[in-house]
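**Q** One structure coming up, written as structure tokens, with questions to follow.
Every number in this text was worked out from the coordinates using simple rules, so none of it is lab data. From a predicted model like this one, the values you see are computed outputs, not experimental measurements. Cβ placement follows ideal geometry from the backbone for every residue including glycine, while neighbour counts extend to all protein chains displayed.
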Amino acid sequence: MTAQTVAAVDLGATSGRVIVGRVGPGVLETTTVARFANDPVRLTDGLHWNLVGLYDSVLQGLREALRPSTEGDGVASIGVDSWAVDYGLIRGGRLLGEPFHYRDERTARGVEAVHTRHPHAELFARNGLQFLPFNTLYQFAAEDPEVLRLADHALLIPDLIGFWLTGQARTERTNASTTGLLRADTGEWDAELLASAGITPSLLAPLIAPGETLGALSRDVASVLGGTAPVTAVGSHDTASAVVAVPMSSPDAAYISCGTWGLVGVETPRPVLTPAAREAGFTNEGGVDGRIRLLRNVMGLWILSEAVRGWQREGHAVDLPTLLDAAEEVAGEVAVFDVDDPRFLPPGDMPARIAAWCNEHGVAAPRTRAEFARSIIESLARAFADTAHEAGRVGGVDVKVIHIVGGGALNELLCRRTADLAGVPVLAGPVEATALGNILVQARAAGLVAGSLESLRDLVAQTHHPRRYEPRA
Ligand code: LFR
């Protein structure tokens, strides 16, 4: 086995990238060949993704990735991951409108419609998911039924990109697990729930597992890209890919995949469908190789980035590194608020919402931008620390170390405070865990590396040394 390359398309809620990975025994190197913005658009009917624009950026990135390299390494495969739950409706290959953004408030209607027939406790027993108002089944219930009836398939975002690239309509399993329509016990579509929701089973394309080949690039796409490579299914839910690349070296580890969201949990061999898991708000999402991601969605750095966007819109010259330095300098206690309060989910004025939460709870609200930033970091660190230990309790893992991967691994204050509050070391990095997980699953399918998730994680640990934060008293 010699090193060869694969291309990962990794789409996040604020930006996307195409990364080429060189993989072989002892080798895991990446080159980012394209990075582009992913800015949602508000249309008359709500908040949408500009998916056609995003696809165009993906094509440009892949063109770059497929350009023959001077080392002569060919691209052995392409894999796509993105955020979960959202989908595009297609009929005869045509997209029926830009996909809705999961932060669009229309989902509230869907929750009400679904929960009158299927309360959350029943749903949890079937699909194992934390209640999140944007899970796909609620979004279907909020759709215009006429439009839903027109569609041949609802394809989750990475599956839609895969369909455009290859002409093959499939639903990748890890992402399918976030729809709420997959049974946690069998891993198959929940026919009964589909029937009761009035959803034609064929709306959901057949399942495909990470590592399986989706198909070859269509002739048109290959000619646009000036080259070709097969598309391989990866853990197309970004969090599933991120968890593949958490360099956990012992079974007593929790992980936090921290970017827009903080996904805090442990890995388990099978779903945990106990009342304790449900009451603590845990989800059982499907992982690569049939593992379960027992985790909780914590609101994440979204609150901070949305606050910064708001200040910038008001004309303040705020940049994140300077703001974080100022946040470090804040002396004394700051407000610790509940980051998971639903008021923080939609876009909007985060400082005003934090101040309102503080007023309602008799807590002194932050006043300066530095205090707001510090208060957000402290509140996130508190939620991360508590949730990591809770995940351990619910999942039967004695958490002795917490890995933080994703963009949040660069936030020193957040990593340090999480270690302090959790009372266990935090190992930070890799930042590009999602792309690495995507790359590793493709590389294994292409025969560039072999072995279990543990050996893939060993390769990450050998090549991407995490930064260690010891807890302070
Ligand atoms: C992270 C993520 C979460 C999912 C949320 C919405 O990017 O995929 O796992 O709950 O976005 O799709």
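**Q** Test of understanding: ordering I19, I90 by Cβ neighbours within 10 Å, fewest first, what list do you get?
**A** Lowest to highest Cβ neighbour count: I90, I19.
**Q** Given R₀ = 25 Å, what would the calculated FRET efficiency be for A326 paired with R467, taking r from the Cβ atoms and rounding to 0.05? Present the calculation step by step, with values, prior to reporting the outcome.
**A** Numbers: r = 22 Å, r/R0 = 0.89.
Efficiency computed from Cβ-Cβ geometry: 0.65.
**Q** So for the chain, taking the charge dipole from beta-carbon charges (+1 Lys/Arg, -1 Asp/Glu), which of P347, A254, F134 sits furthest toward the positive end?
**A** Value computed over the given set: A254.
**Q** Let me ask something else about it. Placing unit charges on C-beta atoms (Lys and Arg positive, Asp and Glu negative, everything else neutral), compute the dipole magnitude of the chain about its Cα centre in debye, rounded to 20.
**A** So the magnitude is around 360 debye.
**Q** Determine, for each peptide in 341-350, 146-155, 435-444, the mean count of other beta carbons within 10 angstrom over its residues, then list the peptides with the highest first.
**A** Working: 341-350: 15.5, 146-155: 17.1, 435-444: 30.4.
Those peptides, ordered most packed to least, come out 435-444, 146-155, 341-350.
**Q** Tell me which of A13, Y87, A113 sits at the most positive position along the dipole axis of the stretch 1-141, charges placed on C-beta atoms (Lys, Arg +1; Asp, Glu -1).
**A** Result: A113.
**Q** Let me ask you something else. Quick check: net charge around V243, other residues with Cβ under 13 Å of its Cβ, Lys/Arg +1 and Asp/Glu -1?
**A** Taking every Cβ under 13 Å from that of V243, the sum is -3.
**Q** How do the peptides 227-233, 118-124 rank, highest first, by the average count of neighbouring beta carbon atoms within 10 Å per residue?
**A** Top of the packing list down: 227-233, 118-124.
**Q** Evaluate the charge dipole of the stretch 4-232 about its Cα centre and quote only its size in Debye, nearest 20, assuming +1 on the Cβ of each Lys and Arg and -1 on the Cβ of each Asp and Glu.
**A** 200 debye
**Q** Another question, if that's okay. Once you list every other residue whose beta carbon is under 15 Å from the beta carbon of G97, what net charge do they have if Lys and Arg are +1 and Asp and Glu are -1? Present the calculation step by step, with values, prior to reporting the outcome.
**A** On the way: positive: R42, R91, R94, R106, R149; negative: D45, D86, E98, D104, E143, D144, E146, D152.
Residues near G97 contribute -3 overall.
**Q** Now for a different question. P(r) for the stretch 4-232, please, calculated from all Cα pair distances in 10 Å bins and given in %.
**A** 8, 32, 34, 19, 7, 1, 0
**Q** Taking Cα centroids, how far is the stretch 335-351 from the stretch 226-253 in Å?
**A** Each part's Cα centre sits 30 Å from the other's.
**Q** Provide the gained length on full extension for the span A113 to H361, in nm with one decimal, where the gain is 0.36 nm per separating residue minus the Cα-Cα distance.
**A** This chain segment gains 86.1 nm when fully extended.
**Q** Using alpha-carbon pairs under 8 Å, 6+ residues apart, how would you state the relative contact order of the stretch 249-429 in percent?
**A** Relative contact order here is 29 percent.
**Q** If you average the alpha carbon positions of the stretch 437-472 and of the stretch 41-59, how far apart do those two centres end up, in angstrom?
**A** Cα centroid to Cα centroid, the span is 33 Å.
**Q** If amide H atoms are built 1.01 Å from N in the plane of the peptide, which residues on other chains or at least 5 residues away come under 5 Å of the amide H of I208?
**A** Amide H neighbours of I208: T171, E172, R173.
**Q** Can you give the FRET efficiency for T32 and T228, using 1/(1 + (r/R0)^6), R0 = 25 Å, r = Cβ-Cβ distance, to the nearest 0.05?
**A** 0.70
**Q** Hey, if you put +1 on the Cβ of every Lys and Arg and -1 on every Asp and Glu Cβ in the stretch 249-429, which of T283, V308, T418 ends up farthest toward the positive end of that dipole?
**A** Most positive-ward Cα: T283.
**Q** Determine by what factor the alpha-carbon radius of gyration of the chain differs from 2.2 N^0.38 Å, reporting the quotient.
**A** Ratio of Rg to 2.2 N^0.38 Å for the chain: 0.94.
**Q** Continuing with the same structure: Would you calculate, for the chain, the mean residue ellipticity at 222 nm contributed by helices, counting each DSSP H stretch of 4 or more residues as -39,500 (n - 2.57) and dividing by all residues, to the nearest 500?
**A** -11500 deg cm²/dmol
**Q** I've got another one for you. Sorting L43, L294 on the 10 Å Cβ count, fewest up front, what's the list?
**A** Details: L43 12, L294 26.
Fewest to most other Cβ atoms nearby, the residues stand as L43, L294.
**Q** So how much slack lies between D73 and A209, counting 0.36 nm per residue of separation and subtracting their Cα-Cα distance, in nm?
**A** 46.3 nm
**Q** How would you rank 216-222, 131-137, highest first, on the average number of other Cβ atoms within 10 Å across their residues?
**A** 131-137, 216-222
**Q** Further question on the same structure: What share of the DSSP beta bridges in the chain is antiparallel, in percent to the nearest 5?
**A** 75 percent
**Q** Also, I was wondering about something else. Given the Cα-Cα distance of T274 and E314 and 0.36 nm per residue of separation, how much length would full extension add, in nm?
**A** Contour length minus the Cα-Cα distance gives 9.7 nm.
**Q** Could I ask something else about it? Please rank C258, C415, fewest neighbouring Cβ atoms within 10 Å first, as an exposure proxy.
**A** On the way: C258 29, C415 26.
Ordered from fewest to most neighbouring Cβ atoms within 10 Å, C258, C415 come out as C415, C258.
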